[in-house]
Structures are given as C-alpha cells and as structure tokens.
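Notes follow once the structure below has been shown.
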Amino acid sequence: MAARADQLLDRGRNDPEHWERLGTIGFRVLKSRPEALAPGDLFTEHDARFLHDGRATVLFVPKAPKSSDIERAVRAPQALAEAAQQATREQAAQTDALRIDVARSTKAANDAGELSAQALAEVEALRRDFEARHANPADDGGDALEGAA
C-alpha cells in the first residue's frame, strides 16, 4: 500500500495533468495555463500567478519586477541625488569660506577704525600742543632772541 502511494505521489509531482481534486474545494496548481480551466485552478502565465474561480480568472500574484529593471530605474534618480549632494557640499564650503573672509574683513575694518581713531587723537593732541607753543611766541624762547640783539 505504501509503495503504491509513493508511486502515485511521484506520478503526481512530475505530471500536473494527472492531479486529482478531492472534493469541491481546493486548488490545482499548474505550471502553465491549461486548455480548459476548472474552478480552483492556480496557474502561472508571464511570471504572474492567476486563479480561476469558475467564472473568471483573476490575478492572484502579480509579476515581480526584475532586479535589473529596478536597478535601471533607480540609476538616474540616484545619480541626480548624488549630484545634488555634491553641489550642496560645494555650496556649503563656498559659504563657509565667504563667512571666514567676511569675519576677517570685519575684524580688519574694526582694527583700522580703532587705529585711525587713535591716530586722530594723537594728531589732535600734537596740534593742540603746537598751537599752545606757537600761540604766544614770546613765551617760548622769544626772549632769547631779543636778548641776543
């Protein structure tokens, strides 16, 4: 009995046309679309699985995309994303360089303004000192010239 069951199983595995449906429910899984469809037939066509319910054939499992198709579809957007990232990095580097230049220029301008204010104060002090000495010529050695004459 066991030997006969093994023979039936082997024959059923190898030849889907010899499969039997037991009862009124269940699926008959076929490698390709048969000539005559029966309710519960599940078959493959164009890499997709279809199920026949007795009245209509419906898509049960859609065809999966090939990895090469996915890679091809992703390649262009990936290249654009990488280019955008590179442009963003370059723009950030330029912005950082400009910030450093502006900070350096601002410091130099502030230092120059401070130095010019100090120089103006020194010039003003020298002018006052000069005016004070030459406002009254008799006070700063004019007597020495009169005594020599």
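The values are calculated or read from the model by the stated rules, or taken from the named source; none is laboratory data. Quick caveat: nothing in here was measured; it's all calculated off a predicted structure. Note that each Cβ is placed from the backbone with ideal geometry, even for glycine, and that neighbours are counted across all protein chains shown.
Taking the criterion of being surrounded by 11 or more Cβ atoms within 10 Å (Cβ to Cβ), in contact with a Pro (Cβ under 8 Å, 6 or more places away or on another chain) and of a type in the set (A, V, I, L, M), would at least one residue in the stretch 30-52 satisfy it?
There is at least one residue in the stretch 30-52 that is surrounded by 11 or more Cβ atoms within 10 Å (Cβ to Cβ), in contact with a Pro (Cβ under 8 Å, 6 or more places away or on another chain) and of a type in the set (A, V, I, L, M).
With respect to Glu82, determine if the residue is of a type in the set (Asp, Glu), more than 48 Å from the chain's Cα centre (by Cα) and at pLDDT 90 or above.
no
Do we find a residue being touching a Leu at 6+ places or on another chain (Cβ under 6 Å) and among the aliphatic types (A, V, I, L, M) anywhere in the stretch 55-72?
yes
Please list, ordered by residue number, the strands (runs of 3 or more DSSP E) wholly in the stretch 25-69 having 3 or more residues that are without any contact (Cβ under 8 Å) to a residue 40 or more places away in the chain and out of contact with any Lys or Arg (no Cβ under 7 Å at 6 or more places or on another chain).
Fully inside the stretch 25-69 and qualifying: 48-52, 57-61.
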